[in-house]
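Have a look at the structure below, then the notes.
The values are calculated or read from the model by the stated rules, or taken from the named source; none is laboratory data. Treat the numbers as computed from the prediction; the structure is a model and nothing was measured. Counting neighbours? That spans all protein chains shown, and the Cβs are built from the backbone with ideal geometry, glycine included.
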Amino acid sequence: MFDNLSKRLSRTLYDISGKGRLTEMNINDTLREVRTALMEADVALPAVQDFLSRVKERALGKEINKNLKPGQALVKIVHTELVNALGEKNDDLNLSALPPVVIMVAGLQGAGKTTSVGKLGKYLHDKKKKKVLMVSADVHRPAAIKQLETLAKMIGIDFFPSFDTQKPIDIVNQALHQAKLKFYDTLLVDTAGRMHVDAIMMAELITIHTAIHPVETLLVVDAMTGQDATNTVKKFNEAITLTGFILTKVDGDARGGVALSIRHITGKPIKFMGLGERIDTLEPFYPDRIAGRILGMGDILSLIDEIESKVEFAQSEKLASKLKKNDGFNLNDYLDQIKLMRNMGGIASMMNKLPGIVQLPDNVKSQINDKVLVRIEAIINSMTAKERVTPDIIKGSRKRRIAIGSGMQVQDVNHVLKQFDNMQRIMKKMKKSGMENIMRNIKSIISPDFNGY
């Protein structure tokens, strides 16, 4: 989402980072470029003006660390103010209230509201170990009720049945009674969305909000909406007093300005961001990490969190045990590493969290994509069990058979075998298991020279 903004800002700040001294002239020149970058990213004008004035005030105030060059100090100031603009720190859900903790979710139709409710339910169930009950009060779109019920079954969470013939207020009251009766920790309420904000919609939301007294009232905001989101956010916040936001479609090509705008307008935090269609692609929003991504500094902490949550401990221990016993690293293990990367959202998702990636030319970045993983997986799957364990036996005729079976060329098979050979040498040098080794494995997998893709 932040690609364009990241390119502009990182290039602008790179130009000044080597400056030996800061003057009002070069500060103004830099901030003029920063302003352009923010405006192109669709950041609301009041948020842009406030951000720039804060940066300029601190820069001219000579808040310079002696260990940094003045240019580097300005970059640090921009990073600090960007973190402040995004919310300073991660603001988690308030789950300490007397159960059942009621979480009400609102938003416009098409923003990904119902899907976000399902993702939030999975997050509460898996990460917070809560007993969750979900209910849909969207009687205006019967498909929404069925959609949430399907999501609940998918993630193993209880769903309170509702029907489009009922009144929303009756649905939520009955669901709340059930949550109390069955000792649920959390009640997730999905409300109706509309194509635009109107009086009838707001009246319905206010009625529900007044009846169930939610501890958290979250608004789902589509990152693609740009400055149009500001008016929507204002009206929702005035009507039902929001406690935070879920930003969706962050993995798309949105300009990213909405993240800065909604925080400035309401003072309320972005609590989560949705990174894809899959039910497990909801992440807590960390302002410092997002600021790092925007400035091209990467987000290694989020990458490590993702690896820790999705890498099975037993699997990594099994691989470590094989290496210690000198059992060797074979193509089955290599395939497991490929599947791990795909489970983590693929190369594109990981690249966005690596430092300096934004500086790579577009033609280079376009070559590094998930097609690489699909092709490697297809080639390995076309091998026999014996070939995977002892790849040395793969010669001319076997390579041709594997290429035909995977729909690839012989040179593609040669490339995978060469890539595997490189990783095998790395594995022989590894003596310990752990995160550092996993990261090293993944880094060696990412290679842009796979038949020009």
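Tabulated values for the structure
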{"quantity": "Whichever residue in region 138-184 is of a type in the set (A, V, I, L, M) and outside any helix (DSSP H, G or I) and, among such residues, is surrounded by the fewest Cβ atoms within 10 Å (Cβ to Cβ)", "calculated": "VAL139"}
{"quantity": "Cross-chain or 6+ apart pairs with Cβ under 9 Å, region 327-345 first and at pLDDT below 80, then of a type in the set (Phe, Trp, Tyr)", "calculated": "PHE329/PHE420"}
{"quantity": "Counted residues, region 384-400 - those being outside any helix (DSSP H, G or I) and surrounded by 17 or more Cβ atoms within 10 Å (Cβ to Cβ)", "calculated": "1"}
{"quantity": "Meets criteria (surrounded by 16 or more Cβ atoms within 10 Å (Cβ to Cβ), under 23 Å from the mean Cα position of the chain (by Cα) and under 28 Å from LYS235 (Cα atoms)) for VAL135", "calculated": "no"}
{"quantity": "Given (1) under 23 Å from LEU93 (Cα atoms); (2) at pLDDT below 90; (3) crowded, with 23+ Cβ neighbours inside 10 Å, index of the condition ILE265 fails", "calculated": "(3)"}
{"quantity": "Criterion violated by VAL220 - all others in (1) of a type in the set (A, V, I, L, M); (2) modelled with pLDDT under 90; (3) under 20 Å from PRO284 (Cα atoms) satisfied", "calculated": "(2)"}
{"quantity": "Residue match in region 254-274 (condition: under 16 Å from SER116 (Cα atoms) and outside any strand (DSSP E or B))", "calculated": "no"}
{"quantity": "Some residue of region 192-204 being outside any helix (DSSP H, G or I) and acidic (Asp, Glu)", "calculated": "yes"}
